[in-house]
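So that we are looking at the same thing, I have put the structure below in structure tokens.
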Amino acid sequence: MNKKIALITTGGTIASKEISKGLLNSGAMTGEELASLCQLPHDIEVKIIDVMQKPSMHIDFDSMIEIRKTIINELKDESISGVVVTHGTDSLEETAYFLDLTIDNTKPIVVTGSQRSPQDVGTDVYSNLRNSIYVAINSLLNNVGVVVVFNERIYSAKYVKKVHASNLQGFESFGYGYLGIIDNDNVSIYQRPVYHESYNIINPIPRVDIIKCYSGADGILIDASVKAGAKGIVLEGVGRGQVSPYMVESIKTAIKLGVKIVITTSAEEGKVHPAYSYLGSAHELQQLGVILGDDYDCKKARIKLAILLTSVESVDQSYFK
């Protein structure tokens, strides 16, 4: 019996067309056009659903919700073994984690893209798409949550990150590695997450901003975020989770106004931890009511905080451990 997957296309470089030498129209190609260029497996039925044709930085929470609804609808079909989503790489990690946190389903869900267009010499479009299809039909990926397939590697959505602007090895999971590989259409899994969480989207997703911390930074961006109506702020601190002392007063004010603040670290590996006691340290911030962001990077922390703010009654430290 042939396997069947749903191929959901959203645009990006993987679906781009060249409009002049060295310049691309991202997301211009339909799913049918994309599939026609690839040597898709003949023994796997591919149902193509065009959801949108957007560059990845045009993807917002409304777009992610639309992709999520499409996936959930396709997975109601018992004949579907899994889902592949094609997506632009610039925001791919954010959409993948959003889907991971908001879909409670045991079947494989794979997000992939490409660093080069279908017309480029040495393009990675076809290999990434073909490999993703083989991952999506493989029962080894059941109960793993959403994964990202790129350059023959399988990554967990929670920790995957775009690490190169153009190289074919565009994604990595610092400190955690990849879950497995695809070699000559054969899928091998070496590790898998031991815990998966999911949340329902109950209310409209609120504004959550990311603010980067640096030497001498003050609270002007925090104040602006609060004034703009943010219900959450993720601070990308340094080291164990420190910020400039000149930001602290604005942090206090934001918290008093009910804004949830999470502190993360700009370091590629390691966790936020109350290791020091001085103005702007993780320990002092925690005393003020700032949530310590554990090992989340700022983008993943933003996605999670936004989802928590719409799905749980009270967001606290327990959700970031």
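The values are calculated or read from the model by the stated rules, or taken from the named source; none is laboratory data. The structure presented is a predicted model; accordingly, all values stated were derived computationally and were not measured. Cβ coordinates were reconstructed from backbone atoms using ideal geometry, including for glycine residues, and neighbour counts include every protein chain displayed.
In this structure, does Ile255 turn out to be within 23 Å of Arg207 (Cβ to Cβ) and in contact with a Gly (Cβ under 7 Å, 6 or more places away or on another chain)? Show your work before the answer.
On the way: within 23 Å of Arg207 (Cβ to Cβ): yes; in contact with a Gly (Cβ under 7 Å, 6 or more places away or on another chain): yes.
Yes, satisfied.
Can you name the condition, by its number, that Val234 falls short on among (1) surrounded by fewer than 20 Cβ atoms within 10 Å (Cβ to Cβ); (2) β-branched (Val, Ile, Thr); (3) closer than 20 Å to Tyr296 by Cβ; (4) at pLDDT 95 or above?
Evaluating Val234 over (1) surrounded by fewer than 20 Cβ atoms within 10 Å (Cβ to Cβ); (2) β-branched (Val, Ile, Thr); (3) closer than 20 Å to Tyr296 by Cβ; (4) at pLDDT 95 or above leaves (1) as the failure.
For region 28-44, name all the residues that are modelled with pLDDT of 75 or more, touching a Lys or Arg at 6+ places or on another chain (Cβ under 8 Å) and surrounded by 16 or more Cβ atoms within 10 Å (Cβ to Cβ).
Residues satisfying the conditions are Met29, Ile44.
When the residues of region 275-321 are filtered to those that are in contact with a Ser or Thr (Cβ under 7 Å, 6 or more places away or on another chain) and in a helix (DSSP H, G or I), which remaining residue is farthest from Ile251 (Cα to Cα)? Spell out the reasoning first.
Taking region 275-321 first, the residues in contact with a Ser or Thr (Cβ under 7 Å, 6 or more places away or on another chain) are 280, 283-284, 293, 296-298, 301, 307.
Cutting the leftovers down to in a helix (DSSP H, G or I) gives us 283-284, 298, 301, 307.
Working: His283: 14, Glu284: 11, Cys298: 17, Ala301: 17, Ile307: 21 Å.
The extreme case among them is Ile307.
Do you know which residues across region 251-274 are over 22 Å from Tyr176 (Cβ atoms) and part of a loop (DSSP other than H, G, I, E, B)?
Step one: of region 251-274, the residues over 22 Å from Tyr176 (Cβ atoms) are 251-261, 274.
Selection gives Leu257, Gly258, Val259, Pro274.
Going by what's in this entry, would Lys260 be described as closer than 26 Å to Thr102 by Cα and either under 20 Å from the mean Cα position of the chain (by Cα) or of a type outside the set (A, V, I, L, M, F, W, C) (or both)? First the steps, then the outcome.
Numbers: closer than 26 Å to Thr102 by Cα: yes; either under 20 Å from the mean Cα position of the chain (by Cα) or of a type outside the set (A, V, I, L, M, F, W, C) (or both): yes.
Yes: the conditions hold for Lys260.
From Ser20, Ser81, Ser63, grab the single residue that is more than 23 Å from Lys299 (Cα to Cα), surrounded by 15 or more Cβ atoms within 10 Å (Cβ to Cβ) and of a type in the set (S, T, N, Q). Steps first, please.
Working: Ser20 fails: surrounded by 15 or more Cβ atoms within 10 Å (Cβ to Cβ); Ser63 fails: more than 23 Å from Lys299 (Cα to Cα).
Answer to the check: Ser81.
Let me ask something else. Pick from Val148, Val163: which is closer than 30 Å to Ser36 by Cβ and either assigned by TED's automatic domain parsing to the domain that holds Ala96 or among the polar types (S, T, N, Q) (or both)?
Details: Val163 fails: closer than 30 Å to Ser36 by Cβ.
From the options Val148, Val163, the qualifying one is Val148.
Based on what the data block shows, is Ile210 in contact with a helix residue (DSSP H, G or I) (Cβ under 8 Å, 6 or more places away or on another chain), surrounded by fewer than 13 Cβ atoms within 10 Å (Cβ to Cβ) and under 21 Å from Gly237 (Cβ atoms)?
Details: in contact with a helix residue (DSSP H, G or I) (Cβ under 8 Å, 6 or more places away or on another chain): yes; surrounded by fewer than 13 Cβ atoms within 10 Å (Cβ to Cβ): no; under 21 Å from Gly237 (Cβ atoms): yes.
In short, no.
Moving on. Go through (1) free of Cβ contacts under 8 Å to residues at least 60 places away in the same chain; (2) part of a loop (DSSP other than H, G, I, E, B) one by one and return the number of the condition Gln39 breaks.
So the condition that Gln39 fails would be (1).
Check Ala228, Ala275, Ala282, Ala224 and return the single one that is among the hydrophobic types (A, V, I, L, M, F, W, C) and surrounded by 14 or more Cβ atoms within 10 Å (Cβ to Cβ). Spell out the reasoning first.
Details: Ala228 fails: surrounded by 14 or more Cβ atoms within 10 Å (Cβ to Cβ); Ala275 fails: surrounded by 14 or more Cβ atoms within 10 Å (Cβ to Cβ); Ala224 fails: surrounded by 14 or more Cβ atoms within 10 Å (Cβ to Cβ).
One residue alone meets the criteria, Ala282.
Answer yes if at least one residue in region 197-207 is within 20 Å of the chain's Cα centre (by Cα), closer than 29 Å to Ser311 by Cβ and crowded, with 19+ Cβ neighbours inside 10 Å, and no otherwise.
yes
Going by the structure shown, is Leu305 within 21 Å of Glu93 (Cβ to Cβ) and either over 20 Å from the mean Cα position of the chain (by Cα) or of a type outside the set (Phe, Trp, Tyr) (or both)? Steps first, answer last, please.
On the way: within 21 Å of Glu93 (Cβ to Cβ): yes; either over 20 Å from the mean Cα position of the chain (by Cα) or of a type outside the set (Phe, Trp, Tyr) (or both): yes.
The answer is yes for Leu305.
Within region 266-284, is there a residue that is farther than 29 Å from Phe174 by Cβ, touching a helix residue (DSSP H, G or I) at 6+ places or on another chain (Cβ under 8 Å) and not hydroxyl-bearing (Ser, Thr, Tyr)? It would help to see each step written out before you state the result.
At the first step, the residues of region 266-284 found to be farther than 29 Å from Phe174 by Cβ are 279.
Applying the additional criterion that residues be touching a helix residue (DSSP H, G or I) at 6+ places or on another chain (Cβ under 8 Å) yields 279.
Checking the rest, the ones that are also not hydroxyl-bearing (Ser, Thr, Tyr) come to 279.
Within region 266-284 (the criterion being farther than 29 Å from Phe174 by Cβ, touching a helix residue (DSSP H, G or I) at 6+ places or on another chain (Cβ under 8 Å) and not hydroxyl-bearing (Ser, Thr, Tyr)), the answer is yes, since at least one residue qualifies.
Tally the residues that are over 27 Å from the mean Cα position of the chain (by Cα) and at negative phi, restricting the search to region 19-36. Explain how you work it out, then say what you get.
We begin by selecting, within region 19-36, every residue over 27 Å from the mean Cα position of the chain (by Cα); these are 19-22, 36.
Applying the additional criterion that residues be at negative phi yields 19-21, 36.
The qualifying residues number 4.
Which members of region 136-147 meet the condition of being within 14 Å of Ala157 (Cα to Cα) and either in contact with a helix residue (DSSP H, G or I) (Cβ under 7 Å, 6 or more places away or on another chain) or among the β-branched types (Val, Ile, Thr) (or both)? Please lay out each step first, then the result.
Just the residues of region 136-147 that are within 14 Å of Ala157 (Cα to Cα), to begin with: 141, 143-147.
Scanning region 136-147 gives Leu141, Val144, Gly145, Val146, Val147.
Right, next: Out of the residues in region 1-36 that are of a type in the set (D, E, K, R) and not in a strand (DSSP E or B), state the one that is farthest from Ile137 (Cα to Cα). Working first, answer last.
As a first pass, look at region 1-36 and keep what is of a type in the set (D, E, K, R): 3-4, 17-18, 21, 32-33.
Now restrict to residues that are not in a strand (DSSP E or B): 21, 32-33.
Details: Lys21: 38, Glu32: 20, Glu33: 22 Å.
In this case the residue turns out to be Lys21.
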